[in-house]
Amino acid sequence: MSVNNTQVKHIAKLANIPISEEESQTLAKAFSETLEVVDNLKKADVSQVKTTHQVTGFKNVLREDIAKEKNSFSQKEALANAKVTYKGYFVVPYVLQNKDN
Amino acid sequence: MKLNQLTLKESIDALDKKEVKIEEIYQAVDQACEAENSKLNIYLSTNKEALNQAKAASDKPLRGLPIAVKDNFCTVGLPTTASSKVLEGFMPTYESTVTKRLQVNGGIIYGKTNMDAWAHGSSTETSDFGRTLNPRNPEHLPGGSSGGSAAAIAADMSIAAIGSETAGSIRQPAAWCGVVGLKPSYGRVSRFGVVSMASSTDSPGPLTKTVEDACILLNSFAGPDEKDGTCNQEKAPDFTSFLGQSIKGMKIGVIYQDVREIGETNEKLLKELEILKELGAEVEIAQAMDPHHAIGVYTVVQRAEVSSNLARYDGIRYGNDRSHFGDESKRRIMLGTYTLTKGYADKYYNLAQKVRTLYLENYKELFSKYDVLVAPTSPSYAKKIGASFESAMFGELEDMLVEASSVSGLPGINVPFYHDQKTNLYLGANFIAPMWQEEKIIKIADAFEKNTKWNSWRNK
């Protein structure tokens, strides 16, 4: 299975990773190299096999739905590492734009 | 002998007998760091308050001794970067369960150790803050991703260390640095506050000078945690109670003897395992499922979980924006995104999770005949610096022999089983047991260590 750099650019957009044209070329090569190894999996007979997503066997681990103050951040703590804040809020980039802009 | 060369157990005993003062141990560790850290690049940051904290912990189980902690454990007041520029300058506002318990038990965080960025790798060469060198031979890599923690032990720059493993990240650097590394069963130790990598296999654990030290340190932080839903809610055993036990009658299966790439390492291991027969265990060659498939399983599962876990780094709430990811992380995040996209999820992700089931079934069968399985931890000695840049699959190939047990959640321990005098490098053996049965690997590894000449602290 090989991957071309157009696919790589699409994946980069989905993963929100900024990459250069040059990087898309090297990444396409690295992806193809990795997928070649992964393709070995297709040799295994798994027609009768179920998937394993976790190995502990624990099911429905629940706790009481009670907020514990000692386990929660204060507003000050939550904002402590933010680069930009405004009146006690995080500042985020625009998501919706006015179409005239 | 210098005091930084003491094992954890020896340090505790010497302090209790008042043969040494805690200040003297810190002085010796400080001196080793001043002499070597700028060259070996083991610590990314150190705790300026360590000695003061130590003095207040003299009556606790770990007596205030200095412990190296991998830089992916959130530590209040100490920077936590996971060796990535995305987290450069990040100061956690909460403490990981492991480091909190460590401190409650009198272990002091001496410093935060270098690692592959986000734990993505097996060389500690993909750190955004420069590679760590192997203290046994600085022309070689320490392995990874917990390479800084393994190197801190090999260089006697701490008394004991903590790392984390997803597939090989404790045991492989332990093998390459000639130290002991114990990966507990998945769920034995809380993941709360550890920078997430592959959530279905991440397991924190000790890197130490002896098996005994690994048990003492693991005792301080293993066990149930309400903050991690995947944690085993049963109380953890006293791991030190399995030390010094008879291994008479235990059945040991030697696996991967048919893997041709590791012929020479296999031969040496087989020879060294003879001692276990003399101690009364049964040792025979066993046929396990081809480890090559595990590379594919791990690659797909790990990339997919990485893609989800690292989506949170947006540079808004903390850290820097996503342009700060290094090459290896970009590759892994994007490949994971690819294998999870519509049309490819069945082809890769679900297929990998089915082959994972085959490994679980294979282990079930093997453990119906054997108590413990053993193979080399890594195909050969520590590779030379620069080696990790030669292939996009470097880590997976180096970790091939431990990946199947990791995706199955099994506990495993690395102990040195050979030392090459010319290069001063080590080979390590990986003993594994069924889920939750750490006692079996501890018994065997402890007996092996005490009855062979390969542990450099026991054979000073």
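Odds and ends about this structure:
- Lone qualifier among B:Ala387, B:Ala375 - being surrounded by 22 or more Cβ atoms within 10 Å (Cβ to Cβ), within 30 Å of B:Thr423 (Cβ to Cβ) and either at pLDDT below 95 or more than 9 Å from every other protein chain (Cβ to nearest Cβ) (or both): B:Ala375
- When the helices (runs of 4 or more DSSP H) confined to segment B:78-191 are screened for residues that are touching a helix residue (DSSP H, G or I) at 6+ places or on another chain (Cβ under 8 Å) and within 30 Å of A:Ser72 (Cβ to Cβ), those reaching at least 2 such residues are found at B:97-104.
Listed here are the residues, each with its yes/no results for (1) in contact with a His (Cβ under 8 Å, 6 or more places away or on another chain); (2) within 8 Å of another protein chain (Cβ to nearest Cβ); (3) within 29 Å of B:Ser127 (Cα to Cα).
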position: B:Tyr318; (1), (2), (3): no, yes, yes
position: B:Lys330; (1), (2), (3): no, yes, yes
position: B:Tyr349; (1), (2), (3): no, no, yes
position: B:Glu365; (1), (2), (3): no, no, no
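- Count of residues meeting criterion [exposed (fewer than 14 other Cβ atoms within 10 Å of the Cβ) and facing another protein chain (nearest Cβ under 7 Å)] in segment A:43-57: 2
- Looking across segment B:298-329, the residues that are surrounded by 23 or more Cβ atoms within 10 Å (Cβ to Cβ), over 23 Å from A:Val95 (Cβ atoms) and of a type outside the set (Phe, Trp, Tyr) come down to B:Thr299, B:Val300, B:Val301, B:Gln302, B:Arg303, B:Ala304, B:Val306, B:Glu328, B:Ser329.
- Scanning segment A:22-41 for residues that are free of Cβ contacts under 8 Å to residues at least 12 places away in the same chain and more than 7 Å from chain B (Cβ to nearest Cβ) yields A:Glu22, A:Glu23, A:Thr26, A:Lys29.
- Members of segment B:35-56 that are in a loop (DSSP other than H, G, I, E, B) and either under 23 Å from the mean Cα position of the chain (by Cα) or buried (at least 20 other Cβ atoms within 10 Å of the Cβ) (or both): B:Asn41, B:Ile42, B:Asn47
- The lone exception for B:Thr265 - which of (1) within 14 Å of another protein chain (Cβ to nearest Cβ); (2) farther than 30 Å from B:Val98 by Cβ it fails: (1)
- In segment B:123-171, residue surrounded by the most Cβ atoms within 10 Å (Cβ to Cβ) [restricted to those that are over 20 Å from B:Thr80 (Cα atoms) and of a type in the set (Lys, Arg)]: B:Arg171
- Hey, A:Ser32 modelled with pLDDT under 95, under 22 Å from B:His293 (Cβ atoms) and touching a Ser or Thr at 6+ places or on another chain (Cβ under 9 Å) or not: yes
- Among the candidates B:Leu358, B:Leu310, B:Leu351, residue that is more than 27 Å from A:Pro18 (Cα to Cα) and within 27 Å of the chain's Cα centre (by Cα): B:Leu358
- Some residue of segment B:166-188 being farther than 19 Å from B:Leu401 by Cα and touching a residue at least 24 places away in the same chain (Cβ under 8 Å): yes
- Pair list, Cβ < 6 Å and 6+ apart or interchain, from segment B:211-232 residues that are within 14 Å of chain A (Cβ to nearest Cβ) to residues that are part of a loop (DSSP other than H, G, I, E, B) and acidic (Asp, Glu): B:Cys231/B:Asp225
- Scan of segment B:256-308 for residues that are touching a strand residue (DSSP E or B) at 6+ places or on another chain (Cβ under 9 Å) and within 20 Å of B:Gly121 (Cβ to Cβ), ordered by number: B:Pro291
- Pairs where the first residue, in segment A:43-63, is within 17 Å of B:Asp346 (Cβ to Cβ) and the second is of a type in the set (Lys, Arg) and modelled with pLDDT under 95, C-beta under 8 Å, 6+ apart: none
- Residues that are in a loop (DSSP other than H, G, I, E, B), of a type in the set (S, T, N, Q) and farther than 22 Å from B:Arg188 by Cβ, drawn from segment B:226-280: B:Ser246, B:Gln257
The values are calculated or read from the model by the stated rules, or taken from the named source; none is laboratory data. Being a predicted model, the structure only gives us computed values, none of them experimental. Cβ: placed from backbone, ideal geometry, glycine included. Neighbour counts: every protein chain shown.
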